[in-house]
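Comments concern the structure below.
The values are calculated or read from the model by the stated rules, or taken from the named source; none is laboratory data. Please read these numbers as outputs of a predicted model, since none were measured by experiment. Note that each Cβ is placed from the backbone with ideal geometry, even for glycine, and that neighbours are counted across all protein chains shown.
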Amino acid sequence: MYIIATTSHAGMKEIEYINDFLKDSGFVFVERKRRSINELMQTYQANGVVVCYSEGPVLYSGDNKFFFHPSMAKNRLEAYRKKSTPDPFVEACQLNNEDRLLDCTLGLGADAIVASYFTSNGKVLGLESSPAIAAIVKWGMKLYNSQISWLDEAIKRIEVVNSEHYNFLRNLPDNSYDIVYFDPMFRKPLLKSQPILPLRSLANKQPLNKAAVEEACRVARKRVVIKELAAGNEFERLGFKPIIRSKHRKIAFGVIEV
């Protein structure tokens, strides 16, 4: 996928991060010259255009645009803070304040943000195999400013790495992390929300394989956790014990204690 980067029509005056972003992402920069997104895509035969705004990069591809936002993480954490509502992901991982969690399928990072909030003295590292998603989320997190201190602090603590999880896992020492987490892209999406559509078009849709799970079991000190559709045979295929909080929930977590 060939992606180019540019600025808004206002130019580069306020985009202090653009040089570091270009170096980190490897995207080719082209001058805007008052051209539309479609004109740039046609001129440079690009599959997508990243526009660097002062608040963060946005990827435009076709009719979709993709940018970092806390997704449901903010709502989940507010529910916990205001009503002590338990979070199923946190319960499945049994997170402690000093835990180190490796999120092997970062995406927009909602679960990583929740994990970071609950592990303020630990570490959360998110792997994302799509270079485009990794770049947009990494720099979106760096630049995000909600003026909600507890949310911004959780987001800023997350380290984002562009890597395929199997290769990353097999190069880690034993017991490197307390929890290793997988949230593969559902083959049958539950939601058709606008923010998720571009993510689905960019994300790795390959199902999780047993070799990656075996490496995760070696790397994890406590447990390996997966989020999947409650219906289906993924838990059985991969050797996870399912945790289903309610018969009415479409999503469940699977756990391997190590």
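Odds and ends about this structure:
- Residue-level analysis places L95 among those that are under 29 Å from Q206 (Cα atoms), outside any helix (DSSP H, G or I) and either of a type in the set (F, W, Y) or in contact with a strand residue (DSSP E or B) (Cβ under 8 Å, 6 or more places away or on another chain) (or both).
- The residues of the range 80-110 that are surrounded by 17 or more Cβ atoms within 10 Å (Cβ to Cβ), over 18 Å from V219 (Cβ atoms) and among the charged types (D, E, K, R) amount to a single one, D87.
- When the range 162-176 is limited to residues that are assigned to a helix (DSSP H, G or I) and touching a residue at least 12 places away in the same chain (Cβ under 8 Å), the one that is surrounded by the fewest Cβ atoms within 10 Å (Cβ to Cβ) turns out to be R170.
- Residue selected from the range 214-237 under the condition of a type in the set (A, V, I, L, M) and within 22 Å of the chain's Cα centre (by Cα), by the criterion farthest from D111 (Cα to Cα): V219
- Flag if D111 is closer than 18 Å to K227 by Cβ and either touching a His at 6+ places or on another chain (Cβ under 9 Å) or not small (G, A, S) (or both): yes
- Hey, F89 under 30 Å from E39 (Cβ atoms) and of a type outside the set (S, T, Y) or not: no
- Hits in the range 1-47 (condition: among the aromatic types (F, W, Y), surrounded by 13 or more Cβ atoms within 10 Å (Cβ to Cβ) and part of a loop (DSSP other than H, G, I, E, B)): Y17, F27
- Scanning the range 202-226 for residues that are touching a Gly at 6+ places or on another chain (Cβ under 8 Å) and modelled with pLDDT under 95 turns up just one, A203.
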